[in-house]
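Below is one structure, written out as structure tokens; comments come after it.
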Amino acid sequence: MSYTWIIPDSQNKTCQNCKSDFQIDPDDFAFYQKIQVSPPTFCWQCRFQRRLAFRNERKPFWNVSAKSGKRVLSLYPPESGVTVYDDDEWNSDDWDALSYGVDYDFSRPFFQQLHDLALKVPRPARSVEGNVNCDYLVNTGWSKNCYLTCNTSGAEDCAYGNAVDYCKSCFDNSHITKCERCYSSFWIRNCHRVHFSTRSIDCVSSWFCFGSKGLTNCFGCVNLLNKSYCIFNEQYSKEEYERRIADMKLNTWSGLEKARAEARAFALKFPYAYLNGVFNDDVTGEYVSDSKNVHYGYLVVGGKDLKYVQYLQIPNNEDSYDLTIWGDKNVRGYENATSGWGVSNSRFLLECWSEILDSEYCMFSRNISHCFGCVGLRNKSYCIFNKQYSKEEYEALVPKIKAHMDAMPYADAQGREYRYGEFYPIEQSSFDYNVSLAMEHFPLTKQEAVAEGYAWRDSSSTEFETTMTAGDIPDAIDNVPDTVTKEIIQCQKCQRAYRIIGQELAFLRAENIPIPRTCIDCRHHERISDRAKAFLYHRTCQCSGTTSSNGVYSNFGTHFHGTEPCPNEFETTHEPDKPEIIYCLKCFWAEVG
């Protein structure tokens, strides 16, 4: 089936999900024509939300392997209805997904048939690969001695974090790369012993630093470059710095909380760049670095010619639209989720990796080419619905199926129609909405989620019986006994139970950081609460010439617009009603030093 048309000017369409208007530009039409799909009927935000709803990033459940009957940690709760194997069992050679193959039925919608197949074919319980001594991980690969990390590659001796890629001995971090002995930080890179910091690069032995580079032994510094022994951007001698840091008593919970509040308040007195990232060329979005021609990007490193993409922190993705999570040598992809490591000319993939070529609507597959609507395949070519075909048979049948998808679309309970060119229907996700990653970017109440066709998971009444409250923990890490690792602690925020593991206690003692008073979920949500969302707002630079437009910050650098207000406008993820001061990149870099 071929989609060819004269590329029109920009065209407004109405999203069939949220009913808002969205625009398709000539470059978008050119991309859709190149990859031979019809233009989307969901706006980019709803496409993003739908892909996120098919991702449980960090909430494991206990399930039972359908192969061995043993109890396994799984991304899928027993009531999800899917068939799971322990990951080692799934990777073994003693079963073949082709045994589940079926003929395509032209009397039923494509998505209905694919969903039936997806429930039957086994899928890996935890989505892990190549790990050593990592029994309690999900969505993690090629890591060693890690505990409850997720969405991570190449970590060692880490615990409690998401996207802690190629890091060592790091705890409670989000979206950090090539770091060592860091704690409770977000979007930092090449850092050593950096704690409670965000948006920083190449820093050492620093606390509560924001938007900085090359700092050593600094505290509470903002937009600072290549400095040592600074506190709140003020220079001190080594001796005076060490005395003042000791006076803060950061080894106590009370001292740490006081310092945290002061550092956050101080950071709001300085401008933020409208886009956080470095070494970019023609980029819009947030947390984008080392990229070129990336638009509406979010948490992207090393991308080229991309649009509407998120969570591509592993580099080398290009010429693609609507990719969410992972990547690594993704080329000419569209509407793929959690897929990468060599994906070329493939569309509508879910959890597929390692050399996926010319394939569409495939799930949980490895090393496949020219496959359509397949689940759980490995090392196969020219398959449809897990049934083997010859090259000639495959090339004759696939266009007929695509035409049938348009002629007999799948309609969900809300009346949304899914033809060829759409990602999987909302109601077919194996995850409850409040378990999925969608909840972090598109928070909904139970009533709202159910009304939109998502499932919902009510909190379990079963909970571990706690042996102490967070308030019973000694204020100073020095006074915490070894026996704390045997306690079940009640979180001071959500009242749920959590524990301190031995590896964590040793780290906190070495770094002189007090025991956390909240559970890993609350700590995670606190970290990402400071993270900008993926949505863009049109704004004007808040540099008014000699000060910020709210009068809070006084410029010290020379600006291209002199003492007049900056005329630059831009798209930014920073919402207009938030307290942050937002500068264009020219004004921001004039103030960094």
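Throughout, read-outs are computed from the coordinates displayed, never taken from laboratory work. Since we're looking at a predicted model, the values are computed, not measured. Cβ atoms come from the backbone with ideal geometry, glycine included; neighbour counts cover every protein chain shown.
A DSSP coil position with no more than 15 other Cβ atoms inside 10 Å describes the following chymotrypsin sites (Phe, Trp or Tyr not before Pro) in segment 435-488: Trp456, Phe464. Gain in length, Val450 to Asp282, computed as 0.36 nm per residue apart minus the alpha-carbon separation, to one decimal in nm? The span from Val450 to Asp282 would gain 56.5 nm if fully extended.
Using a ≥ b ≥ c from the Cα gyration tensor of segment 62-126 (square roots of the eigenvalues), is it rounded, prolate or oblate, where a/c under 1.5 gives rounded and otherwise the larger of a/b and b/c decides, a/b for prolate? Cα axes put segment 62-126 in the oblate bin. Bridgeable lysines around Lys249 (alpha carbons under 30 Å apart, same-chain partners fewer than 8 residues away excluded): Lys168, Lys178, Lys213, Lys227, Lys238, Lys258, Lys269, Lys486, Lys493. Close amide H contacts of Tyr537 (hydrogens built in the peptide plane, cut-off under 5 Å, sequence separation of 5 or more or a different chain): Thr572, Thr573, His574. Using only the Cα atoms of segment 536-593, build the gyration tensor, take square roots of its eigenvalues as a ≥ b ≥ c, and label the shape rounded, prolate or oblate: rounded if a/c is under 1.5, else prolate if a/b is larger than b/c, else oblate. Prolate shape, in that a/c is at least 1.5 and a/b is the bigger ratio. Taking θ as phi - 60° and the Karplus parameters 6.51, -1.76 and 1.60, the scalar couplings of segment 175-190 work out to 6, 10, 9, 6, 10, 9, 6, 9, 9, 6, 10, 9, 6, 10, 8, 6 Hz in sequence order, x denoting glycine and proline.
Across segment 211-224, computed HN-Hα scalar couplings (Karplus, 6.51 cos²θ - 1.76 cosθ + 1.60, θ = phi - 60°) run x, 10, 9, x, 8, 9, 6, 10, 9, x, 8, 10, 6, 10 Hz from first to last residue, x flagging Gly and Pro. Put simply, when 57-69, 119-131 are sorted by average Cβ atoms within 10 angstrom per residue, most first, you get 119-131, 57-69. The residues packed around Asp322, meaning those with a beta-carbon under 9 Å from its beta-carbon, carry a net charge of +2 if Lys and Arg are +1 and Asp and Glu are -1.
Contact order, relative form, for the chain: 11 percent (alpha carbon pairs under 8 Å, 6 or more residues apart, mean separation divided by residue count). Estimated from the Cβ-Cβ distance and a Förster radius of 41 angstrom, the FRET efficiency linking Asp247 and Asn133 is about 0.50. 3J(HN,Hα) couplings calculated from phi for segment 72-86 with the Karplus curve 6.51 cos²θ - 1.76 cosθ + 1.60 (θ = phi - 60°) are, in sequence order, 9, 6, 8, 6, 10, x, x, 7, 5, x, 8, 9, 10, 10, 4 Hz; Gly and Pro show x.
Among the GluC sites (Glu not before Pro) found in segment 193-291, not one is both in a DSSP coil and sparsely packed, with 14 or fewer other Cβ atoms within 10 Å of its Cβ. Label segment 219-270 by shape, choosing from rounded, prolate and oblate, from the square roots a ≥ b ≥ c of the eigenvalues of the Cα gyration tensor; if a/c is under 1.5 it is rounded, and otherwise prolate applies when a/b is larger than b/c, oblate when it is not. Oblate. Placing pseudo-labels 7 Å out from each Cα toward the beta carbon at Lys120 and Asp475 gives an inter-label distance of 6.5 nm.
Within the shell defined by Cβ-Cβ distances under 11 Å, the residues around Gly593 carry a net charge of +1, with Lys and Arg each +1 and Asp and Glu each -1. Given +1 at the Cβ of Lys and Arg, -1 at the Cβ of Asp and Glu and no other charges, the dipole of segment 283-406 around its Cα centre is 260 debye to the nearest 20. Size descriptors for the chain (Cα atoms only): Rg and Dmax, in that order, 25.2, 80 Å. I'd like the FRET efficiency for Glu440 and Lys238, computed as 1/(1 + (r/R0)^6) with the beta carbon distance as r and R0 of 41 Å, rounded to 0.05. In this case the efficiency is close to 0.50. Of interest is the spacing of the C-alpha centroids, which for segment 276-292 and segment 557-590 amounts to 17 Å. Among the lysines of segment 293-397, pairs that are 8 or more positions apart or on different chains and have alpha carbons within less than 21 Å of each other number 4. With contacts taken as Cα pairs under 8 Å and at least 6 residues apart, segment 283-406 reaches a relative contact order of 10 percent.
Give the residue from Tyr433, Thr572, Ala476 lying farthest towards the positive end of the charge dipole for the chain; charges sit on Cβ (+1 for Lys and Arg, -1 for Asp and Glu) and the dipole is referred to the Cα centre. Of the candidates, Ala476 comes out farthest on the positive side.
Dividing the convex hull volume of the alpha carbon atoms of segment 224-353 by its residue count gives 143 Å³ per residue.
Here's the picture: charge each Lys and Arg Cβ at +1 and each Asp and Glu Cβ at -1 in segment 126-238, and of Ala159, Leu225, Cys209 the one pushed furthest to the positive end of that dipole is Leu225. Calculated mean residue ellipticity at 222 nm for the chain: -5500 deg cm²/dmol, from DSSP H runs with n ≥ 4 weighted as -39500 (n - 2.57), summed, divided by the residue count and rounded to 500. Normalised by the residues of segment 237-304, what does the relative contact order come to in percent, with Cα pairs under 8 Å and at least six apart? Normalised by residue count, the contact order of segment 237-304 is 16 percent. Could you give the distance between the Cα centres of segment 166-231 and segment 406-444, to the whole Å? Answer, in whole Å: 39.
Taken about its Cα centre, the chain carries a charge dipole of roughly 520 debye when the Cβ of each Lys and Arg holds +1 and the Cβ of each Asp and Glu holds -1.
Kindly express, to the nearest 10 degrees and within the range 0 to 90, the angle between helix 502-511's C-alpha long axis and the longest C-alpha principal axis of the chain. Approximately 40 degrees, to the nearest 10. Computed about its Cα centre, the charge dipole of segment 451-578 is approximately 80 debye, with only Lys, Arg, Asp and Glu carrying charge at their Cβ. Note on the chain: dipole from Cβ charges, positive end direction compared against Tyr32, Ser74, Cys371; the farthest Cα belongs to Ser74.
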